[in-house]
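This report concerns only the one structure given below.
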Amino acid sequence: MRSKGKGFLASRKAVTLTLIATAAMALGYSAPAQAAPVVTISFSQWWEPELPTGALQALINTFQTQNPTIKVKLVSGPYSATKSQTIAGAATGTMSDVVGLDGAWVSDLVNQGALANLDNSLARVKFPVAQLAGKIKIHNSTYMIPVVNYIYPLFTNDDLLAKAGVTSAPTNRTQFAAAAKAISGLGGNVKGWVIPLSQTNPNGIQNDIMSLVWASGGSMLKGGKPNLTNNAAVKSVVTYVKSLWDAGSITPGAFTLSEPDKVTEFTNGRAGMMIDSLSHITQIKAADPALHFSIHALPVADGYTGKGGIPYASWGIGIAKTSKYPAQAAKLVAYLMSAAVNTKLSDLGHAFPGNTTSVPTWVTTDPMFKTAFTIYQSGYPANEFTGLPKADDLMLKFDTPFQSYLSGQITVDQLLATAQKSWLADF
Amino acid sequence: MSITAIKAEKMHEPPATEVKSFMKRKHAKRSFEPLLYLSPTIILLLVLMVIPVYLVVQYSFFDNVIITQFPKFVGLRNYLTVLQDPTFQIAIKNTIWFTLGSVVAHLVLGLGFSVLLNSPSLGKFSRSIFRMIYILPWIFTVAIVAILWRMLLDPVGVLNYLLIRLGLIHVGVQWLSSPKTALIAVTVINIWAGYPFYMMSMLAGIQGISKDLYESARVDGASWWQSFFNITLPQLKPIIISMSILDIIWTSQQFAMVWMTTGGGPITSTQMIGIYTYQQAFGRYEFALASTSAVLLLLFSIFLSVIYSRLQRRRD
């Protein structure tokens with residue numbers, strides 16, 4: 001009886017499955033041309049946490065509405081986590097389809113064969129490349145496009161300057177040294193200038209030291225190769241920093257300070273001046289709304305009247321070579337670089353647009369931002385580390401002997417010779 | 001049972017070959033069964049331990065691994081490069097200093113506090129309170145330990161404030177930022193963060209020592225120190241040796257705390273093998289050299305692990 005029942009059930013199942021299969025096949029054959037399948041692309045970056053909550057997702061939502069067949073998964077994290085993730089992803093071939101990039105990573109990622117040529121990608125989506133403010137090229141091919149740019153002006157704590165009897169922001173090195181000394185003379189824990197030289201993220205070499213070289217029209221390279229020895233511009237800057245160090249005008253503990261520590265020292269009123277990213281203005285104002293500070297062009301070498309380089313950092317973008325959906329990835333890049341979206345992104349981040357036709361409105365909303373725009377227009381963007389091989393390592397290789405030099409263990413010539421030798425090994 | 005029934009049963013008996021194969025299958029199933037139970041652990045060990053270790057060892061014999069598709073076999077060249085690198089030599093020296101300093105201090109502090117916590121002059125309540133206070137550093141995560149000590153040792157931090165108030169110094173010392181004091185500072189932080197583990201293990205060991213031994217020593221007129229050196233220490237010897245070996249392995253691999261406080265600087269004063277390895281991999285993209293450095297540390301750890309296992313076996 002039981003076996004009979006089992007047999008009956010089995011035959012019923014077989015009939016049902018056959019019916020379902022037949023119906024499915026029939027539907028499949030009779031269906032009209034199917035809609036294009038929806039694909040999901042990932043976009044890793046550190047921008048989302050730095051923008052107002054939900055702002056980047058809102059822009060992505062608009063993109064998804066305009067492109068119903070493309071879904072974008074945001075992979076967000078802090079800068080350092082994004083960097084490690086990108087390097088690991090490049091090594092294992094699991095990098096996100098679209099990647100947020102720093103110019104310092106590009107050369108190494110290209111050497112790994114991890115980035116796609118953006119010239120081809122943008123041509124595929126017919127993006128007007130002439131609108132791009134900048135392109136990071138390696139061997140004549142574009143691998144990164146700066147989406148927005150942040151300049152690094154000089155921040156001054158105007159209350160401390162006034163207390164120290166400094167009536168106007170320093171414009172040259174002599175004035176800067178005098179101001180730093182005067183502020184340090186106020187006593188307590190206050191110092192004139194804060195520089196971060198931590199080896200965990202040695203970008204202080206780029207933003208706080210080499211920026212002084214670029215501000216006076218100098219360069220650390222010659223023909224694309226390191227040029228640290230017999231370079232008057234670099235030598236004058238390092239000896240100048242050493243003179244401030246010896247004068248006790250620099251915040252103690254600089255060897256282990258990183259960029260966030262620098263901002264904290266300034267916000268807490270323990271440092272009178274710093275060279276910092278424009279992106280930190282909102283953060284400083286939020287931390288201490290009563291802090292009176294202003295931004296200025298970097299101090300230049302005494303007597304220098306030419307145009308100065310303004311250090312900058314970019315939120316760059318690229319496409320993974322391993323992406324299964326390069327066309328969709330290119331569409332997203334083109335969308336973020338389009339004039340309207342790029343303007344919106346610049347406004348949200350208080351940054352300068354990567355599209356030359358974008359007109360950010362934030363520069364008119366606040367006098368400080370207006371000053372930033374004037375500084376931006378008065379010089380030219382300069383960051384010689386962008387696109388160099390092992391850029392972070394180059395900074396570290398300069399940082400270590402620079403600390404020895406500041407500590408009085410080696411001479412300036414030894415510093416420059418050591419750095420030059422180790423830099424050349426990376427080229 | 002009747003004769004006909006037995007006959008019928010014999011008629012239904014399977015042939016000898018069938019029995020043999022059945023027995024074989026049964027045997028195979030029996031020997032395979034334990035493996036089946038162990039398979040989750042074996043798979044995890046393979047995926048998380050054996051394969052990564054194998055890959056890292058393999059990478060150490062090639063050039064430009066990970067960043068190029070076709071790395072070249074270079075034999076022992078990476079080992080020569082790493083061992084001849086002055087920064088690696090500094091890292092070895094610092095790691096030895098940091099490890100030995102930490103292990104000795106862990107041992108002395110752990111033993112001292114465990115003896116104090118076991119003292120009969122402490123009431124139950126006060127013992128619990130002290131135990132809770134002393135174990136606190138071990139509860140904190142590395143990130144919290146690093147932030148806490150960075151604030152304490154800042155040139156304008158709590159320690160300098162106290163020293164200046166006491167008139168011991170006039171200007172704040174840059175504990176973590178001066179090449180002269182940084183290594184000592186990170187060692188102190190590591191000692192502070194690690195002694196509670198020793199303390200708790202020693203305390204458990206002391207509580208396991210028979211009270212009769214102390215009783216008879218007292219009857220024989222032994223002082224506290226004599227009891228300590230002749231009863232407590234010999235009884236704790238196996239724990240002390242095991243803990244010290246484990247601590248040497250853990251401390252020589254220390255990375256996070258040093259990275260978060262000094263990053264290996266100033267200059268190279270706190271450069272450790274762990275930091276050297278990280279910088280080779282994620283700063284210089286020299287994954288082969290990073291693997292080589294990691295393998296050297298692995299060999300050292302394996303050597304200590306073998307000693308530890310042998311001691312454990314002898315003890316058992």
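If a residue must be assigned to a helix (DSSP H, G or I) and either under 29 Å from the mean Cα position of the chain (by Cα) or in contact (Cβ under 8 Å) with a residue 12 or more places away in the chain (or both), how many such residues does the range B:123-168 contain? Qualifying residue count, the range B:123-168: 26. Restricting the search to the range A:366-384, which residues are closer than 26 Å to A:T305 by Cβ and either assigned to a loop (DSSP other than H, G, I, E, B) or within 14 Å of chain B (Cβ to nearest Cβ) (or both)? Scanning the range A:366-384 gives A:G379, A:N383, A:E384.
The number of residues in the range A:109-126 that are surrounded by 21 or more Cβ atoms within 10 Å (Cβ to Cβ) and out of contact with any strand residue (DSSP E or B) (no Cβ under 6 Å at 6 or more places or on another chain) comes to 2.
Of everything in the range B:253-276 that is assigned to a helix (DSSP H, G or I) and touching a Leu at 6+ places or on another chain (Cβ under 7 Å), the residue that is nearest to the other protein chains (Cβ to nearest Cβ) is B:T261.
Within the range A:227-250, restricting attention to residues that are closer than 23 Å to A:F385 by Cβ and within 14 Å of chain B (Cβ to nearest Cβ), the residue that is farthest from the chain's Cα centre (by Cα) is A:W245. Taking into account only those residues within the range A:74-111 that are small (G, A, S) and in contact with a Leu (Cβ under 7 Å, 6 or more places away or on another chain), which is nearest to A:G316 (Cα to Cα)? Ranking the qualifying residues of the range A:74-111, first place goes to A:S107.
For the residues B:G205, B:G172, the requirement of being surrounded by 16 or more Cβ atoms within 10 Å (Cβ to Cβ), touching a residue at least 24 places away in the same chain (Cβ under 8 Å), assigned by TED's automatic domain parsing to the domain that holds B:T232 and of a type in the set (G, A, S) singles out B:G205. Of the residues making up the range B:91-141, those that are of a type outside the set (A, V, I, L, M, F, W, C) and more than 21 Å from B:F255 (Cβ to Cβ) number 14.
Just checking, how many residues over the range B:278-294 are touching a Phe, Trp or Tyr at 6+ places or on another chain (Cβ under 8 Å) and either surrounded by fewer than 21 Cβ atoms within 10 Å (Cβ to Cβ) or within 14 Å of chain A (Cβ to nearest Cβ) (or both)? So the answer is 7.
For A:L348, the conditions (1) more than 14 Å from chain B (Cβ to nearest Cβ); (2) over 17 Å from the mean Cα position of the chain (by Cα) are fulfilled apart from (2).
The selection criterion, being part of a helix (DSSP H, G or I), among the aliphatic types (A, V, I, L, M) and farther than 25 Å from B:A294 by Cα, does not hold for B:I90. Filtering the range B:37-62 to residues that are closer than 20 Å to A:G93 by Cβ and either within 14 Å of another protein chain (Cβ to nearest Cβ) or surrounded by 11 or more Cβ atoms within 10 Å (Cβ to Cβ) (or both) leaves B:I51, B:P52, B:Y54, B:L55, B:V56, B:Q58, B:Y59, B:F62. Of the residues A:Q328, A:Q283, the single one that is modelled with pLDDT of 90 or more, assigned to a helix (DSSP H, G or I) and not hydrophobic (A, V, I, L, M, F, W, C) is A:Q328. Filter the range A:64-108 down to the residues that are closer than 20 Å to A:N201 by Cα and among the charged types (D, E, K, R), then identify the one that is surrounded by the most Cβ atoms within 10 Å (Cβ to Cβ). Ranking the candidates gives A:D102 first. Number of residues in the range A:98-139 that are more than 14 Å from chain B (Cβ to nearest Cβ) and within 15 Å of the chain's Cα centre (by Cα): the value is 7. For the range B:36-46, the count of residues that are over 29 Å from B:A294 (Cβ atoms) and not assigned by TED's automatic domain parsing to the domain that holds B:Q254 is nonzero.
Can A:T343 be described as surrounded by fewer than 16 Cβ atoms within 10 Å (Cβ to Cβ), under 22 Å from A:Y150 (Cα atoms), free of Cβ contacts under 8 Å to residues at least 24 places away in the same chain and not assigned by TED's automatic domain parsing to the domain that holds A:S216? So A:T343 does not fit the description; no.
Checked against (1) outside any helix (DSSP H, G or I); (2) within 13 Å of another protein chain (Cβ to nearest Cβ), A:D392 passes all but a single condition, namely (1). Checking each residue in the range A:251-285 for being within 14 Å of chain B (Cβ to nearest Cβ), in contact (Cβ under 8 Å) with a residue 60 or more places away in the chain and farther than 20 Å from A:L161 by Cα picks out A:A254, A:F255, A:L257, A:S258, A:E259, A:D261. Taken together, the residues in the range B:68-83 that are within 14 Å of chain A (Cβ to nearest Cβ) and either assigned to a helix (DSSP H, G or I) or of a type outside the set (V, I, T) (or both) amount to 4. Search the range A:395-415 for residues being outside any loop (DSSP other than H, G, I, E, B) and without any contact (Cβ under 8 Å) to a residue 40 or more places away in the chain, and hand back the single one that is farthest from the other protein chains (Cβ to nearest Cβ). Selected residue: A:Q414.
The values are calculated or read from the model by the stated rules, or taken from the named source; none is laboratory data. Keep in mind that this is a model prediction, so the values were computed, not measured. Glycine gets a Cβ as well: all are built from the backbone with ideal geometry, and neighbour counts include every protein chain shown.
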